[in-house]
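Everything on this sheet refers to the single structure shown next.
The values are calculated or read from the model by the stated rules, or taken from the named source; none is laboratory data. These figures come from a predicted structure and were not determined experimentally. Here the Cβ is made from the backbone with ideal geometry for all residues, glycine too, and neighbour counts use every protein chain on show.
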Amino acid sequence: MATRKKRKYIFVVGGVMSGVGKGIASSSIGTVLKARGLNVTALKIDPYINVDAGTMNPTEHGEVFVLDDGDETDQDMGNYERFFNTTLSRVNYMTTGRVYLEVIRKERNLEYKGKNVEVVPDIPFEVIRRIEKATEKADADVTIIEIGGTIGEYQNIIFLEAARMMKSKNPQDVAFVMVSYLPIPSKVGEMKTKPTQYAARTLNGVGIQADIIIARSEVALDHKRKEKIALFCNIQPESVISAPDIDSIYDVPVNFERDNLGAILCKTLKIPSRPTNLSAWKSFVKKSKSPSKEVKIGVVGKYFDSGDFVLSDVYISVLEALKISAYHLGAKPVIDYINSKDFEGPQREKNLQKLKEYHGILVPGGFGSTGIEGKINAIQFAREKKIPYFGLCYGMQLLVIEYARNVARLKGAHTTEVDPKTKYPVIDIMEDQKKHMEKGSFGATMRLGAYPAHLKKETVARSAYNEEMISERHRHRYEVNPKYIPDITKAGLVFSGTSPDGRLMEIAELPERQHPFFLGTQFHPEFTARPLNPHPLFTRFLEAALKRIKPPIKIAGKVGGVKQNTIA
Ligand code: GLN
């Protein structure tokens with residue numbers, strides 16, 4: 001009889017403050033363990049009541065990352081998929097809303113058999129059941145569970161309680177990693193450990209002792225501080241891992257390995273030592289550090305500002321997909337976020353001219369009417385000036401609108417999302433979406449997740465993928481209106497990717513002889529670009545962009561910079 005596999009669990013929690021890279025730390029821990037031949041999976045826990053991330057405004061939440069099975073999740077799920085080069089599913093994602101919904105459903109179905117159902121222990125039990133389910137599904141040796149938020153918050157307490165229960169039941173199989181932050185106040189000029197000490201004690205207060213502390217800071221930790229944290233937080237100095245700010249998130253697994261984090265975790269969890277092979281990852285990182293040219297991409301969108309701050313998080317997968325393909329092509333990506341409103345109003349012409357400085361222009365996904373005419377104007381400019389253009393989801397729909405208006409002579413063509421009364425609704429709501437809208441049922445009702453598409457012979461899409469059938473992830477309610485396909489194709493636009501039954505237009509493009517790259521996808525290719533597996537369309541777009549460089553520019557400075565750019 002086969003013995004049951006020993007499952008190991010690593011909980012990653014945040015101390016001191018949020019936003020210091022718990023997701024990247026969790027992803028990097030997984031990467032160094034995977035390099036040991038271990039089967040690793042990960043779960044993200046978001047403590048909010050929302051059942052998923054789909055109903056939240058991007059300026060509130062950042063990117064909504066869509067999985068193959070259509071689950072609308074957090075951007076950390078994208079990090080796990082990119083770092084582990086794996087495909088996750090809805091069992092890997094959990095929110096407070098999701099947990100309570102299930103407990104209440106069970107209660108209504110008498111599944112608790114008349115028992116009094118309590119927040120403790122029934123909610124943590126459901127959390128544990130979900131963690132175990134994801135582990136079984138992946139047949140994982142190690143499951144990494146990232147608990148969102150920071151220690152000391154009321155919100156995530158129930159998840160910490162679940163983690164504590166798991167540890168008390170199987171002490172050898174559960175480890176805790178606390179990702180902390182060590183500030184260097186400018187007036188003091190010294191790195192302070194006290195907030196980390198408080199965070200470790202707050203964690204002790206809920207019955208949990210950290211095994212490892214990842215010390216995020218502006219600079220590397222010195223030995224003195226490692227000893228101090230070790231002494232006051234009950235751990236060994238070698239279990240304090242220095243994690244200074246770095247230019248590229250993809251360096252983190254390499255740094256962790258250098259600090260022996262993988263070996264320390266294996267020792268903590270009593271996993272027999274194994275040879276490590278991080279070579280594929282390292283060669284990707286090496287490539288990213290030796291670019292021979294610079295490629296400048298303008299991302300034209302909205303959702304950029306929150307008060308005085310810039311939210312680059314909203315398009316995180318787009319950014320990573322661009323970076324990944326650029327690195328593979330030996331280029332340093334310079335990505336500017338440009339507010340589409342710059343291409344509306346009196347300054348429009350002047351600002352459009354500045355787009356010539358870019359090697360490529362990209363319009364990402366979006367919703368609603370803000371900045372739409374600006375985006376359409378930018379797309380028209382890219383088409384007419386033959387600047388490579390890549391449109392994702394809304395960016396594809398707007399490409400179709402631009403072409404319909406300006407080439408197919410359907411004056412005033414629009415999407416009914418913005419103008420329900422347009423004379424030429426070239427983009428219209430999908431038939432099966434109407435019922436959701438009538439009922440006001442917005443949660444998880446878009447066309448979501450992976451669907452197959454067929455690629456037409458002798459097209460840019462087909463040659464980029466080098467495949468006839470593809471599968472890509474979607475998140476939309478509107479589509480190219482079949483009624484206008486004959487007019488639009490007659491005017492020269494090619495629908496090179498369609499649903500297998502030919503009904504839904506999945507890719508629109510101009511032939512290569514007419515334009516170096518003018519292509520839009522109804523799906524979101526950015527969700528499946530991975531460091532060890534760049535996305536063929538992003539690569540093709542950047543190849544076209546790189547052809548605009550002559551002669552090659554000599555470059556210096558940091559790799560992959562992103563800046564907000566109001567070119568007005
Ligand atoms: N708003 C468009 C739709 O719902 C595009 C969605 C998107 O870009 N994700 O179809």
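Of the residues examined, residue 382 is one that is away from the ligand (no atom under 15 Å from the Cβ), part of a helix (DSSP H, G or I) and among the small types (Gly, Ala, Ser).
Going through 93, 9 one at a time, which residue ends up being under 28 Å from residue 471 (Cα atoms) and touching a Lys or Arg at 6+ places or on another chain (Cβ under 9 Å)? Even if it seems obvious, please write down each step before you answer.
On the way: 9 fails: under 28 Å from residue 471 (Cα atoms).
One residue alone meets the criteria, 93.
Does residue 484 satisfy being touching a strand residue (DSSP E or B) at 6+ places or on another chain (Cβ under 8 Å), farther than 26 Å from residue 543 by Cβ, hydroxyl-bearing (Ser, Thr, Tyr) and away from the ligand (no atom under 14 Å from the Cβ)?
Values: touching a strand residue (DSSP E or B) at 6+ places or on another chain (Cβ under 8 Å): yes; farther than 26 Å from residue 543 by Cβ: yes; hydroxyl-bearing (Ser, Thr, Tyr): yes; away from the ligand (no atom under 14 Å from the Cβ): yes.
Against the criterion (touching a strand residue (DSSP E or B) at 6+ places or on another chain (Cβ under 8 Å), farther than 26 Å from residue 543 by Cβ, hydroxyl-bearing (Ser, Thr, Tyr) and away from the ligand (no atom under 14 Å from the Cβ)), residue 484 qualifies.
Look at residue 235 and say whether it is in a loop (DSSP other than H, G, I, E, B) and of a type in the set (A, V, I, L, M). Walk me through it before giving the result.
Details: in a loop (DSSP other than H, G, I, E, B): yes; of a type in the set (A, V, I, L, M): yes.
Considered against the rule, which asks whether it is in a loop (DSSP other than H, G, I, E, B) and of a type in the set (A, V, I, L, M), residue 235 comes out as yes.
Residue 521 meets each of the listed conditions (1) more than 13 Å from the ligand (Cβ to nearest atom); (2) at pLDDT 95 or above apart from (1). Close contacts from the stretch 464-491, counting a first residue that is under 20 Å from residue 317 (Cα atoms) and a second that is at pLDDT below 95 and assigned to a strand (DSSP E or B), with Cβ to Cβ under 9 Å and a gap of 6+ residues or different chains, come to 474/447; 475/447; 476/447. The residues of the stretch 435-473 that are under 26 Å from residue 73 (Cα atoms), assigned to a helix (DSSP H, G or I) and away from the ligand (no atom under 13 Å from the Cβ), listed by number, are 435, 438, 439.
Within the stretch 236-245, restricting attention to residues that are under 33 Å from the mean Cα position of the chain (by Cα) and surrounded by 13 or more Cβ atoms within 10 Å (Cβ to Cβ), which residue is farthest from residue 21 (Cα to Cα)? Taking the candidates together, the pick is 238. Just one of the numbered conditions (1) surrounded by 16 or more Cβ atoms within 10 Å (Cβ to Cβ); (2) within 24 Å of residue 14 (Cβ to Cβ); (3) among the β-branched types (Val, Ile, Thr) is not true of residue 103: (2).
Give the stretch 238-252 a look and list any residue that's closer than 16 Å to residue 27 by Cα, in a helix (DSSP H, G or I) and without any contact (Cβ under 8 Å) to a residue 60 or more places away in the chain, or say none. Within the stretch 238-252, 251 is the sole residue that qualifies.
Scanning the stretch 29-50 for residues that are β-branched (Val, Ile, Thr) and buried (at least 19 other Cβ atoms within 10 Å of the Cβ) returns 29, 31, 32, 40, 41, 45.
Scanning the stretch 387-402 turns up no residue that is within 16 Å of the ligand (Cβ to nearest atom), at pLDDT 95 or above and farther than 23 Å from residue 506 by Cβ. Of 407, 418, all but one fail to be away from the ligand (no atom under 16 Å from the Cβ), surrounded by fewer than 19 Cβ atoms within 10 Å (Cβ to Cβ) and modelled with pLDDT of 95 or more; the exception is 407.
Do you know which residues across the stretch 62-102 are aliphatic (A, V, I, L, M), outside any loop (DSSP other than H, G, I, E, B) and more than 17 Å from residue 365 (Cα to Cα)? Spell out how you get there, then give the answer.
Step one: filter the stretch 62-102 for residues aliphatic (A, V, I, L, M), giving 64, 66-67, 77, 88, 91, 94, 99, 101.
Pick out the ones that are also outside any loop (DSSP other than H, G, I, E, B) and you get 66, 77, 91, 94, 99, 101.
Across the stretch 62-102, the qualifying residues are 77, 91, 94, 99, 101.
Exactly one residue out of 368, 412, 360 is away from the ligand (no atom under 16 Å from the Cβ) and surrounded by fewer than 21 Cβ atoms within 10 Å (Cβ to Cβ): that is 412.
Would it be correct to say that residue 255 is part of a helix (DSSP H, G or I) and under 24 Å from the mean Cα position of the chain (by Cα)? Outline the logic, then answer.
Working: part of a helix (DSSP H, G or I): yes; under 24 Å from the mean Cα position of the chain (by Cα): yes.
Criteria met by residue 255.
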